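Down below is the structure, laid out as structure tokens.
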Amino acid sequence: MLVRPRNPLNIGAAARAMSNFGAHRLRLVNPYAPGFREARSAVGASDLLNSAEEYKTVAEAVADCALVVGTTAVRNRALQQPVHHLDDNAGATIRKRLQTERVALLFGSEKIGLTNKDFSHCHWLLNIPTKQQNISMNLGQAVAVCLYELARSKPLQPAQADVEPATAGQAEQITECLLEALRISGYVKPGTEAMFEKKGRRLILRFNLEAYDAKLLLGMVRQIVWKLRQTTKT
């Protein structure tokens, strides 16, 4: 998943890397260049590039994914999510989850990478170990390195399909209802809504809810919102 990519050649290179290592579903969030589907760098991956899905927001793009992993060079950023290095079994962890559910691997724009708001949709973050003198990688190269690691990794242990995890879309629904309840109750003060949105989303994702529990919790929060609305009308 490429978030706000700017260079069509990088999009094409990412598609080519996907074709090389067996990844077949490319999603883009607000791509900068409308002509990316004709990128010459997508040698052997034109079909994949032509079928790429476009979304307006990260929330929409990851809605059907049970695990969302963002990539970051870290730098001096104060990150709220746990950071895993690509060479520390991160590939094997993702491969295990891929056996039974959909996983989103997010890459940010060439200029600024992923933002803190983008990170708020992620369960955890992935870092490619590089030399400190130059920690930033070309977007297409970063995609290739990560997909190579996934392709060569073996799952840590057999996956168990008897538990269905909640999707990012379900977590987002809970987050939106929770924020509405906080707004109605007066807990969220003017000017703090964006901060509470990110904190609330991270909180829900840390629960690692199962699909059934997510439906149950969503029903509870919706009932609270309904009751709060009734109270404010009287």
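Each value in this text was obtained by applying a stated rule to the coordinates, not by laboratory testing. On a predicted model such as this, the values are computed, not experimentally measured, just so you know. FYI the Cβ positions are ideal-geometry reconstructions off the backbone, even for glycines, and counts take in every protein chain you see.
Tabulated values for the structure
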item	result
Packing rank of 145-152, 174-181, where each peptide gets the mean count of other beta carbons within 10 Å, highest leading	174-181, 145-152
Peptides 211-219, 13-21 ordered by average Cβ neighbours within 10 Å, highest first	13-21, 211-219
By average C-beta atoms within 10 angstrom, highest first, the peptides 125-134, 97-106	97-106, 125-134
Matching label, semi-axes √(5λ) of the Cα gyration tensor in Å computed from the structure shown, candidates (1) 24, 23, 16; (2) 40, 26, 16; (3) 33, 20, 18	(3)
Distance (nanometres) between label positions extended 7 Å along Cα→Cβ at residue 117 and residue 141	3.0
Angle in degrees between helix 8-21 and the longest Cα principal axis of the chain, rounded to the nearest 10	80
Spin-label proximity, residue 232 to the stretch 170-204 - amide N less than 14 Å from point 7 Å beyond Cα toward beta carbon	177-190
For the chain, calculated [θ]222 nm from helices alone, where every DSSP H run of n ≥ 4 adds -39500 (n - 2.57)	-13500 deg cm²/dmol
28 Å Cα-Cα reach of residue 56 towards lysines, excluding residues that sit fewer than 8 places from it in its own chain	111, 117, 189, 198, 199, 215
